[in-house]
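> The structure that follows is given in the form of structure tokens.
The values are calculated or read from the model by the stated rules, or taken from the named source; none is laboratory data. The structure presented is a predicted model; accordingly, all values stated were derived computationally and were not measured. Virtual Cβ from ideal backbone geometry, glycine too; neighbours counted across all protein chains shown. Only protein heavy atoms, including side chains, enter the accessible area calculation; ligands, DNA and RNA are left aside. Shrake-Rupley method; radii C 1.70, N 1.55, O 1.52, S 1.80 Å.
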Amino acid sequence: MNFNFSIPISNESDLTLREFRLLAELMINNKLDKYLEVGVWHGINLLKLANLCEVNNHQCKIVGYDCFDDDPMDDNSHTSGWPSKELVEKNVSQYSDVISLVQGFAKDVVEKLDGEKFPLIFHDANHAYQAVYDDLLLLKQLSLPSTVIVAHNSEADDVRLNYGAKSAIDQLVKENHFKILTRVDRSTAIIPC
């Protein structure tokens, strides 16, 4: 896989290089045709992935799903703010033929995406325990048997930041909804059971 971007890309992403490389390698090396990202912040990961697909002559459809600047819920763990849809559209405009943005709350993702199935899903939305637990069960409905879901900020719970993703994933594994594929830095890759 060619991991050299063909355009200058901002570093406004909180993914480590290893975490992004995990997503890119899953997408390109496995010839996956669709990618869903729930919680897009500034859209930089969408842009980077679209560019690497282009560089590697890989056809893909990328969907960014976010509440954008709608009224956030009080229990949301994101302290970095909510992205403006206009800003994200501007950031990914070069790949508007590949990237589509869908606005909505995580609880409505299955309905908003008409139950479309995705082989690779990245979750970087609300990291509170109940939100992650509920979101991952919803995302399972958009999964194929071989889908990999990567959940960000799930390496450890953090009460200060209201992060409970690790406990939510551990509980879902215990309940036999998912199996852990790997953990990379702050992300956990899981597959449905």
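> Starting from region 1-40, pick out the chymotrypsin sites (Phe, Trp or Tyr not before Pro) whose DSSP state is loop and whose Cβ has at most 14 other Cβ atoms within 10 Å.
Hits after loop and neighbour filter: PHE3, PHE5.
> For the chain, build the charge dipole from Cβ charges (+1 Lys, Arg; -1 Asp, Glu) around the Cα centre, then report which of THR182, LEU138, SER84 sits farthest towards its positive end.
THR182
> To the nearest 20 Debye, how big is the dipole of region 122-178 about its Cα centre, given +1 on the beta carbon of each Lys and Arg and -1 on that of each Asp and Glu?
For this selection, approximately 80 debye.
> In debye to the nearest 20, how big a dipole does the chain give about its Cα centre with +1 on each Lys and Arg Cβ and -1 on each Asp and Glu Cβ?
Here the chain has a charge dipole of around 780 debye.
> So what is the calculated 222 nm ellipticity per residue for the chain, using -39500 (n - 2.57) for each DSSP H run with n of 4 or more, over all residues, to the nearest 500 deg cm²/dmol?
Calculated mean residue ellipticity at 222 nm is -9000 deg cm²/dmol.
> Also, I was wondering about something else. Tell me whether region 80-162 comes out rounded, prolate or oblate; compute the Cα gyration tensor, take square roots of the eigenvalues as a ≥ b ≥ c, and use a/c under 1.5 as the rounded threshold.
Taking the square roots of the gyration eigenvalues as a ≥ b ≥ c, region 80-162 is oblate.
> Quick check for you: with a 1.4 Å probe and neighbouring chains kept, what is the accessible area per residue of the chain, in Å²?
Ligands and nucleic acids excluded, the result is 47 Å² per residue.
> For region 119-189 and region 1-64, compute the distance between their C-alpha centroids and round to whole Å.
Computed from Cα coordinates, the inter-centre distance equals 19 Å.
> Moving to a separate point now. Which of the three applies to region 133-185, rounded, prolate or oblate, going by the alpha-carbon gyration tensor with a ≥ b ≥ c and a/c under 1.5 meaning rounded?
prolate
> Cα-based Rg (one decimal) and Dmax (whole number) for the chain, in Å?
Rg and Dmax of the chain, Cα atoms, are 15.4, 44 Å.
> So what is the relative contact order of the chain, in percent, for Cα pairs below 8 Å that sit 6 or more residues apart?
For the chain, the relative contact order is 20 percent.
> Looking at the chain, what % of its DSSP beta bridges pair antiparallel, to the nearest 5?
35 percent
> Something else about it: Work out the charge dipole of the chain with +1 on the Cβ of Lys and Arg and -1 on the Cβ of Asp and Glu about the Cα centre, then indicate which of GLN171, ALA106, LEU32 is farthest towards its positive end.
Farthest along the dipole direction, towards plus: LEU32.
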